[in-house]
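The values are calculated or read from the model by the stated rules, or taken from the named source; none is laboratory data. Keep in mind it's a predicted model, so treat the numbers as computed, not measured. All Cβ positions, glycine included, derive from the backbone under ideal geometry; neighbour counts span all protein chains shown.
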2 protein chains.
Amino acid sequence: MTRPRYAIGVDFGTESGRALLVDVADGREVATAVYSYRHGVIDERLPDDAGGARLDHDWALQDPEDYLRTLRTTIPKVLADSGVEPGRVIGMGIDFTSCTMLPVTRDGTPLCLLPEFRTNRHAWVKLWKHHAAQPEADRINETAARLGEKWLPRYGGRISAEWFFAKALQILDEAPDVYHAADRLIEAADWVVWQLTGHETRNACTAGYKAIWSKRGGFPGERFFAALDPRFERIVDEKLSRFVLPVGERAGGLSQQAAGWTGLRPGTAVAVANVDAHVSVPAATVTEPGRMVAVIGTSTCHLVLHEVSRTVEGMCGVVEDGIVPGLFGYEAGQPAVGDILAWFLDHAVPAEYRALAQQRGTSLHAVLEEEASKLRPGESGLLALDWWNGNRSILVDVDLTGVLVGMTLATRAPEIYRALIEATAFGTRVIVDSFNQAKVPVNEIVACGGLPAKNRLFMQIYADVLGLDVSVAASTQTPALGSAMFGAVAAGAREGGYDSIIDAAARMARLADVRYRPNPASQAVYDELYAEYRRLHDCFGRGGNDVMKRLKRIRSTALAVDRDPAVLLA
Amino acid sequence: MTRPRYAIGVDFGTESGRALLVDVADGREVATAVYSYRHGVIDERLPDDAGGARLDHDWALQDPEDYLRTLRTTIPKVLADSGVEPGRVIGMGIDFTSCTMLPVTRDGTPLCLLPEFRTNRHAWVKLWKHHAAQPEADRINETAARLGEKWLPRYGGRISAEWFFAKALQILDEAPDVYHAADRLIEAADWVVWQLTGHETRNACTAGYKAIWSKRGGFPGERFFAALDPRFERIVDEKLSRFVLPVGERAGGLSQQAAGWTGLRPGTAVAVANVDAHVSVPAATVTEPGRMVAVIGTSTCHLVLHEVSRTVEGMCGVVEDGIVPGLFGYEAGQPAVGDILAWFLDHAVPAEYRALAQQRGTSLHAVLEEEASKLRPGESGLLALDWWNGNRSILVDVDLTGVLVGMTLATRAPEIYRALIEATAFGTRVIVDSFNQAKVPVNEIVACGGLPAKNRLFMQIYADVLGLDVSVAASTQTPALGSAMFGAVAAGAREGGYDSIIDAAARMARLADVRYRPNPASQAVYDELYAEYRRLHDCFGRGGNDVMKRLKRIRSTALAVDRDPAVLLA
């Protein structure tokens, strides 16, 4: 019998970083530790020692030192808590929010750590939800459409303001000195791996999904970048790298310095970086086509694998080697799911249900779930469009908004709660239909993320609406588990790990025992309701009635004019 | 200087009756008294001494003795409280909910007071909101359409299940013994006047609006009634009366017996009966064409006068002499207005606003009004269809339901509250447009009822949305005041009253000092939003997308099938 071996995954989230130490043999989760970033999300003003400048409301920055503090805090803690000898840890991997990017010097020093740039907001890490690059994204989309760029359909016809080149172009537009001083523009994921190994690598996942890279076509051409701005023409060669590694590769061995930070052995295998949602796929047991992974939290990210590249209406991206090497990884998304339910609980549920929750010693969510589960499909008479935060897939339209139809004087909160869950399920079904239509088959759903383990009604509704079995990943920290799995793959079978993520998933990933199967009677009712959903979806989402856009325009105008005191009663 | 003279109005509501004693010279409200009906609304079971039989959920009955108790209690009380000598009271009038009707014997005895019928639910008063006669209403509408009855357009193309012949036909269908034992079928309004004067009269208001009567055409013909049921053929001659008096007439003098009940002098002038909403029109100063009276409470009733009869799309009815003698009175309606806001407050406002109300020592309504009044028109980005209880005017469709469009994660309760108010205002504008299109002009709104005095934001929004001046009746009890005014008219100028309701209104009715004028900037925004409202209105209300009806059908099916335990999680 061999002595046990371990791997560590570190998941860098929006507010904190989490390390997970797992047994390589079976994926058993041995110890975990969380570090809450000292500066969290920097969205009001820069830190005091950086001058404290105010930020506009659509800005969201981070401090790269928080990532290093995460490494220095959490890895020693999981080693200490577990009592595992560092020599037994054969590899590690990390995953990150994305696109979260920063400008650095040739030796990897973030510009925001240099005194001459510390007070410049553009020198800091731009977090995924930094939304101030919308004008640049608009320019990218117009230019790509005008030049007929072939890569545009791979991204559902639209590049997001959250992605790499929009953020890079904003730096060039607003802070050319920062742009020029930056020897590299890099995903935080790749930057952290650089800090761990001592040399720069780029991963196919962030490059493919966020920086318009493909294995066969590389990055967009210089003609395209030049059309955005002549100074932007050679960005790839000047500030990125054309050498992009598939996920599952070994980025290198742990440097002496990083060994000192973490307490791990120098030379420990470090995997190429990854993205939180995408790294969850093998951690949810999926390494083959046919099963869609739905990472369901505040929003939902849908991931499917397939042998070939196809154009799927409204997808966020398709990337070869981006999730599992050798396969094309498809991504789609719903920008608000748990967020809609949280909105409803915070802003539209009357006091009596909070009282009920207190009485029953449970949560408001649990009370609503219980009350809503007493309703039959169709009983509420309600139907919603789940567009509280726009629609990503398949309409790719941030200006769409929510709809609720069917209210009467007898409508009660649990009915609306259920209708909102159903609406997000219908939204998922539109995406699944889109994949199936494009001949990228989806036969089953594997759910992971914050919601699935908590809300059984939610999961059953998804099974009934989709007419598919829905299973749930056993781990409640699939990103960190996935990163640890890639760490074991970076080590390889010879060092006691695995030679592929497929092998690692077969041993280290598991599904929970619960499995939600469609109830045929409910499914029949939901088929009818889904037809109504599609009709509203197409009316409001495809130009039948653009009332949502006009309401937004009227709203902008109302907010733009000076407040006329005569309008007010007070 | 003449000694002051007084008149009394008694307003019979749904839960209680109210007497108001006013000065005939200027309408000053001297004393008021309320009697809460002992049996209130009988909608669960008959009283114990009537056998206590259970009622179906759509039944709503009353006890006629509650009406007499109202007279015996409230009139002596206003006399006592005011110290007014009975001889100084020159006349009285009453108004009632309608259609509220009952079967009685030839001498006016309600069948429910006879031992042989006391336990029979059909022997009791059917209250206006008794909704169990829907099958009969459907039969009436189908038959009228098939026979091409000329009166149908006067009622917006649809007779309501609440109205007289639907209720009468239900008695015939379900209790032919009661139907045959009833010498008269009569509006409670007319029955109370009968009790006061000792002889039967019928008024043009209830006959016209609720019993398909018109001054020029009388009731529908026997061919129509026979087509409904051969036994129904001669209902008018057998159980009603073709002798219908215009409002403003004197029904008779107070009988000896009624004088004993009330403490008034025998012979005191009693006006022909009236309906609560309609009697409010002169009490709100309106006796001429051009100004629309909006009685705004749980629902809204819209009343307009005009010299000639025209067909207005979706009106509830047009009746000559029905509101002011010599003019055609038009009625339209919105079935839920205050009810929608009450629904919102009870079922969709989070606890924090209740806490705020407590903190500020005010009501939840007041807090929401204050917060919503800080928003500019269009700022919420929301738009609603106010169909929580169907749409009466102008679509005449009980199966329509509410819609809310435009929600985002930033949407807050005061924005929805404001959008709901705006939606009811847009609904009113559709009605006003329909009148103006039919050349029944509406140039100004006079509001009365429960809401206008309480909610200034509501009134300002109406002025801005309608683009019309909105004034408010000074009295908060316009029905009772209107009834007292008609009492003064029944007495006539020779007895110190007035010869016409126009003269009475000129002296006894007043507007409040406040007047809401449209703000041009707000009006411009609301014109844009109204165009959006109309587009949704026509899409969902005129067959563009019948999703509301299909959701109701799916709901009925869901409720009809036996609950399948496999559907439930518990």
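General observations
- Taking the criterion of being of a type outside the set (K, R) and surrounded by fewer than 23 Cβ atoms within 10 Å (Cβ to Cβ), the residues of the stretch B:241-255 that qualify are B:S241, B:F243, B:L245, B:P246, B:E249, B:G252, B:G253, B:S255.
- Checklist (1) more than 10 Å from chain A (Cβ to nearest Cβ); (2) under 30 Å from A:G541 (Cβ atoms) applied to B:R392, failing item: (2)
- Just so you know, in the stretch B:82-114 the residues that are surrounded by 17 or more Cβ atoms within 10 Å (Cβ to Cβ) and among the charged types (D, E, K, R) include one that is nearest to the chain's Cα centre (by Cα), and it is B:D95.
- Residue within the stretch B:155-165 that is over 20 Å from B:T105 (Cα atoms) and part of a helix (DSSP H, G or I) present: yes
- Filtered by the rule that a residue be over 23 Å from the mean Cα position of the chain (by Cα) and surrounded by fewer than 17 Cβ atoms within 10 Å (Cβ to Cβ), the stretch B:53-71 gives B:A53, B:R54, B:D56.
- Output for the stretch A:342-355, where each listed residue is at the interface with chain B (Cβ under 7 Å from one of its Cβ atoms) and either more than 15 Å from A:L420 (Cα to Cα) or over 29 Å from the mean Cα position of the chain (by Cα) (or both): A:P350, A:A351, A:R354
- Test: B:V308 is more than 14 Å from the chain's Cα centre (by Cα) and crowded, with 24+ Cβ neighbours inside 10 Å: no
- Number of the exception - A:T411 against (1) within 14 Å of another protein chain (Cβ to nearest Cβ); (2) surrounded by fewer than 24 Cβ atoms within 10 Å (Cβ to Cβ); (3) not in a loop (DSSP other than H, G, I, E, B); (4) not charged (D, E, K, R): (3)
- The residue that is surrounded by the most Cβ atoms within 10 Å (Cβ to Cβ), among those in the stretch A:331-352 that are part of a strand (DSSP E or B) and touching a helix residue (DSSP H, G or I) at 6+ places or on another chain (Cβ under 7 Å), is A:A332.
- Counting only residues that are touching a His at 6+ places or on another chain (Cβ under 9 Å) and either among the aromatic types (F, W, Y) or not in a helix (DSSP H, G or I) (or both), the stretch A:226-241 holds 0 of them.
- Against the numbered list (1) more than 7 Å from every other protein chain (Cβ to nearest Cβ); (2) over 24 Å from B:G252 (Cα atoms); (3) at pLDDT 95 or above, B:D562 comes up short only at (3).
- Any hit, the stretch B:286-296, residues being out of contact with any Asp or Glu (no Cβ under 9 Å at 6 or more places or on another chain) and within 14 Å of chain A (Cβ to nearest Cβ): no
- In the set (1) out of contact with any Asp or Glu (no Cβ under 7 Å at 6 or more places or on another chain); (2) outside any helix (DSSP H, G or I); (3) under 26 Å from B:V396 (Cα atoms); (4) in contact (Cβ under 8 Å) with a residue 60 or more places away in the chain, B:P220 fails one condition alone, (1).
- Counted residues, the stretch B:52-74 - those being out of contact with any strand residue (DSSP E or B) (no Cβ under 9 Å at 6 or more places or on another chain) and closer than 22 Å to B:T109 by Cα: 1
- Selection from the stretch A:356-389 of residues that are out of contact with any helix residue (DSSP H, G or I) (no Cβ under 9 Å at 6 or more places or on another chain) and either buried (at least 17 other Cβ atoms within 10 Å of the Cβ) or within 10 Å of another protein chain (Cβ to nearest Cβ) (or both): none
- One residue from B:S434, B:S471 being more than 12 Å from every other protein chain (Cβ to nearest Cβ) and touching a Lys or Arg at 6+ places or on another chain (Cβ under 9 Å): B:S471
- Selection count where residues are in a loop (DSSP other than H, G, I, E, B) and basic (K, R), scope the stretch B:89-140: 3
- Some residue of the stretch B:466-481 being surrounded by fewer than 19 Cβ atoms within 10 Å (Cβ to Cβ) and part of a helix (DSSP H, G or I): no
- Flag for B:V367 being at pLDDT 95 or above, over 22 Å from the mean Cα position of the chain (by Cα) and either in a strand (DSSP E or B) or β-branched (V, I, T) (or both): yes
- Test: residue in the stretch B:510-526 that is part of a helix (DSSP H, G or I), under 25 Å from the mean Cα position of the chain (by Cα) and over 15 Å from B:V446 (Cα atoms): no
- Count of the stretch B:119-138 residues, restricted to those that are crowded, with 18+ Cβ neighbours inside 10 Å and among the basic types (K, R), is 2.
Condition check ((1) assigned to a helix (DSSP H, G or I); (2) in contact with a strand residue (DSSP E or B) (Cβ under 7 Å, 6 or more places away or on another chain); (3) under 25 Å from B:K150 (Cα atoms); (4) modelled with pLDDT of 95 or more) across all residues:
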| residue | (1), (2), (3), (4) |
| --- | --- |
| B:I171 | yes, yes, no, yes |
| B:V178 | yes, yes, no, yes |
| B:L185 | no, yes, yes, yes |
| B:A189 | yes, yes, no, yes |
| B:Q195 | yes, no, no, yes |
| B:H199 | no, yes, no, yes |
| B:G208 | yes, yes, yes, yes |
| B:I212 | no, no, yes, yes |
| B:F224 | yes, no, yes, yes |
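- Subset tally (residues that are part of a loop (DSSP other than H, G, I, E, B) and buried (at least 18 other Cβ atoms within 10 Å of the Cβ)) for the stretch A:8-34: 2
- Pairs, first among the aromatic types (F, W, Y) and at pLDDT 95 or above in the stretch A:142-158, second part of a loop (DSSP other than H, G, I, E, B) and loosely packed, with under 15 Cβ neighbours inside 10 Å, C-beta under 7 Å, six or more apart: A:W151/A:G217
- Residues located in the stretch A:507-545, provided they are buried (at least 19 other Cβ atoms within 10 Å of the Cβ), aliphatic (A, V, I, L, M) and within 12 Å of chain B (Cβ to nearest Cβ): A:V525, A:L529, A:L536
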